[in-house]
Amino acid sequence: MPVTNMRCIPTLLLLLLTVLSIGSCRQKQETTSPAPEPSLIRATKTAYAIGDSITIQLNPSFSVDAVGWDNQPVQPTKISSGLLSFKPATKAVGYHQLVITGQTTTQKRVSDTLQIDVWSDVTPRLLSYTVLQTYPHQRSSFTQGLAFHNDVLYEGTGLNGQSKLMKVNLLTGGIIQSVGLPSQFFGEGITVVNDHVYQLTWTSGQCFQYTTDLVLQKTFVYHTQGWGITHRDTTLIVSDGSNRLTFYSLGFQKLGETVVYDNQGPVTNLNELEYVNGYVLANVWQTNRIVQIDPASGKVVGELRIDSNLPAGVNTTIDVLNGIAYRPGENALYITGKNWPSLFKIQVKELFEQGHRPKIVL
Ligand SMILES: [Ca+2]
């Protein structure tokens with residue numbers, strides 16, 4: 001037996017004894033543990049908004065010693081009649097952890113935990129739009145992503161066996177250049193950064209990078225679904241169908257994420273994206289709603305409601321809105337949808353108002 005294997009024997013014995021020891025401890029706990037105790041604290045609402053005072057119902061047997069919010073102590077504003085109130089200083093939407101520590105009537109020291117969902121304190125402003133121009137759009141295009149780069153319109157389409165990346169003639173709707181994806185891939189959002197085109201795939205966890213001549217250069221791997229993609233400078237911003245936006249480097253290293261809320265709760269089904277003047281515009285899947293998100297806070301600050309009759313003769317509950325491209329220089333948006341016959345140039349003045357930028361630009 002080689003020396004290296006002999007050295008392993010004491011280690012193996014130790015490991016075996018440890019496993020047996022853990023097993024016996026578990027067994028002892030299982031046979032002696034009492035019935036689960038009733039929860040000590042209970043939220044009085046399912047969710048709160050930023051700035052709200054939070055009130056928690058206390059079990060009558062529970063005497064509170066300390067309140068922790070996201071691992072920071074907070075001072076209750078009121079503890080009486082079985083209720084505890086406090087006002088957290090949080091400015092962040094999403095789930096926060098509340099831990100309340102105290103004693104039971106038998107002097108046993110205990111704590112209980114709640115996850116508290118905090119919604120946005122902003123009522124989204126309804127943005128108005130004007131249609132400036134209508135262009136033809138290929139009805140065969142199951143649009144999943146739309147972006148301008150150097151005044152060229154790029155479009156990504158979906159469905160297995162039909163997914164493409166294309167350069168499109170804006171005026172005619174004709175295809176200037178096109179590359180197909182292998183049939184196992186369902187194409188999703190696209191964006192163009194530093195003369196590289198990025199195209200997501202829906203459930204394959206692969207993002208393709210092309211030259212602006214549509215030559216495949218690289219493939220990146222990610223671990224979520226891929227829905228929409230846009231960018232700010234050299235940061236990619238990706239949606240995955242939830243209420244989350246994830247930020248990646250151009251090499252697809254994850255940099256961070258934010259969760260998106262309005263004053264009605266989490267805004268899920270975020271789909272096609274476009275970064276415009278400090279905000280992320282996101283098409284909410286299966287609706288005519290485009291939300292304007294402050295990417296630093298995750299709050300929806302504005303929204304567009306596109307008229308469902310805008311593409312005449314299209315059932316937009318089936319052929320849904322799903323393309324937003326910002327064309328720098330003319331401060332216009334171009335929108336279209338899956339299999340729509342038209343692409344619309346629209347003006348949304350509020351997006352470009354003087355001083356209309358987030359306080360913190362991502
Ligand atoms: Ca876009």
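The values are calculated or read from the model by the stated rules, or taken from the named source; none is laboratory data. If you're wondering where the values come from, they're calculated on a predicted model, not measured in any experiment. Every residue, glycine as well, gets a Cβ built from its backbone with ideal geometry; the counts of neighbours run over all protein chains shown.
Among all positions in the range 261-281, there is at least one residue which is away from the ligand (no atom under 16 Å from the Cβ), part of a strand (DSSP E or B) and surrounded by fewer than 17 Cβ atoms within 10 Å (Cβ to Cβ). Only one of the numbered conditions (1) on the phi > 0 side of the Ramachandran plot; (2) free of Cβ contacts under 8 Å to residues at least 60 places away in the same chain is violated by Gln162, and that is (1). Being over 18 Å from Leu310 (Cα atoms), of a type in the set (Gly, Ala, Ser) and within 16 Å of the ligand (Cβ to nearest atom) is the filter here; which residues of the range 132-162 pass it? Once the filter is applied, which keeps residues that are over 18 Å from Leu310 (Cα atoms), of a type in the set (Gly, Ala, Ser) and within 16 Å of the ligand (Cβ to nearest atom), the range 132-162 yields Gly145, Ala147, Gly156, Gly158. When residues in the range 70-94 are screened for being out of contact with any strand residue (DSSP E or B) (no Cβ under 6 Å at 6 or more places or on another chain), closer than 29 Å to Thr123 by Cα and part of a strand (DSSP E or B), 1 of them pass.
Does Phe208 qualify as being closer than 28 Å to Val300 by Cα, in contact with a Leu (Cβ under 7 Å, 6 or more places away or on another chain) and either more than 16 Å from the ligand (Cβ to nearest atom) or not β-branched (Val, Ile, Thr) (or both)? So Phe208 fails the test. Within the range 330-347, can you find the residues that are over 24 Å from the mean Cα position of the chain (by Cα), touching a residue at least 40 places away in the same chain (Cβ under 8 Å) and not in a strand (DSSP E or B)? Asn339, Trp340, Pro341 - these are the residues of the range 330-347 that are over 24 Å from the mean Cα position of the chain (by Cα), touching a residue at least 40 places away in the same chain (Cβ under 8 Å) and not in a strand (DSSP E or B).
Condition check ((1) more than 22 Å from Val192 (Cα to Cα); (2) of a type in the set (A, V, I, L, M, F, W, C)) across all residues:
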| position | (1), (2) |
| --- | --- |
| Thr212 | no, no |
| Gln225 | no, no |
| Glu257 | no, no |
| Leu273 | no, yes |
| Tyr279 | no, no |
| Asn283 | no, no |
| Leu304 | yes, yes |
| Ala312 | yes, yes |
| Asn322 | no, no |
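The set of residues in the range 192-204 that are away from the ligand (no atom under 13 Å from the Cβ) and surrounded by 14 or more Cβ atoms within 10 Å (Cβ to Cβ) comprises His196, Thr201, Trp202, Ser204. Tell me which residues, restricted to the range 240-258, are crowded, with 17+ Cβ neighbours inside 10 Å and under 8 Å from the mean Cα position of the chain (by Cα). Listed by number, the residues that qualify are Asp240, Gly241, Ser242, Asn243, Arg244, Leu245, Thr246, Thr258. Apart from one condition, Gly302 fits all of (1) in a strand (DSSP E or B); (2) under 24 Å from Gly173 (Cα atoms); the exception is (2). Would you please name the residue that is surrounded by the most Cβ atoms within 10 Å (Cβ to Cβ), looking only at residues in the range 205-224 that are assigned to a loop (DSSP other than H, G, I, E, B) and under 18 Å from the mean Cα position of the chain (by Cα)? Among them, the one singled out is Tyr222.
So that you can scan it fast, the table gives a plain yes or no per residue for (1) surrounded by 14 or more Cβ atoms within 10 Å (Cβ to Cβ); (2) outside the structural domain of Glu303 (by TED's automatic domain parsing); (3) away from the ligand (no atom under 15 Å from the Cβ); (4) touching a residue at least 40 places away in the same chain (Cβ under 8 Å):
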| residue | (1), (2), (3), (4) |
| --- | --- |
| Gly173 | yes, no, yes, yes |
| Ser183 | no, no, yes, no |
| Ile190 | yes, no, no, yes |
| Gly226 | yes, no, no, no |
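The single residue among Leu321, Leu343, Leu304 that is within 13 Å of the ligand (Cβ to nearest atom) and modelled with pLDDT of 95 or more turns out to be Leu343.
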